[in-house]
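Input: a single structure, listed below in structure tokens.
The values are calculated or read from the model by the stated rules, or taken from the named source; none is laboratory data. Fair warning: this is a prediction, and the values are worked out from it, not measured in the lab. Note that each Cβ is placed from the backbone with ideal geometry, even for glycine, and that neighbours are counted across all protein chains shown.
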Amino acid sequence: MASKATAQPLSLKIASGAFLAFWCVLAAFPIAWIAVMSVKSPRDAFAASAWDVITGPVTRDSGNGLSFIDIALGLTFLFFAVRWAFTRLPRMVEQFSPPVSLCLDGLSDRLCTVFCSF
């Protein structure tokens, strides 16, 4: 439990959270931009108008862009992949990893051999 002297005031908590959220959006923007631009035609990606770059009319007209169904399926897959990574994957790592004592016993023997040979 934090003491009264080390507790942050509410305004500092809000400011810290807002800055962290802003920084996460700023850091994720280049990756999101690359992902969006990778499905656009070169004519849309290098258009003179910023609106044409964002909406991609040439890509949509040629039928090569992502549809709403593609985006919904991708987000659904991403949701279940993240859910699996946080629920099932840790149990699998625990199940298939060797016991800690087995790893450390072999490590001490190898370190002794390496350092004693000098």
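Structure notes:
- The helices (runs of 4 or more DSSP H) found entirely in segment 1-67 that carry 3 or more residues being at pLDDT 80 or above and surrounded by 11 or more Cβ atoms within 10 Å (Cβ to Cβ) are 10-37, 42-45, 57-62.
- Out of Arg110, Arg83, Arg91, sole residue that is of a type in the set (D, E, K, R), at pLDDT 80 or above and farther than 30 Å from Ala32 by Cα: Arg91
- Residue list for segment 20-33, restricted to those being under 14 Å from the mean Cα position of the chain (by Cα) and aliphatic (A, V, I, L, M): Val25, Leu26, Ala27, Ala28, Ile31, Ala32
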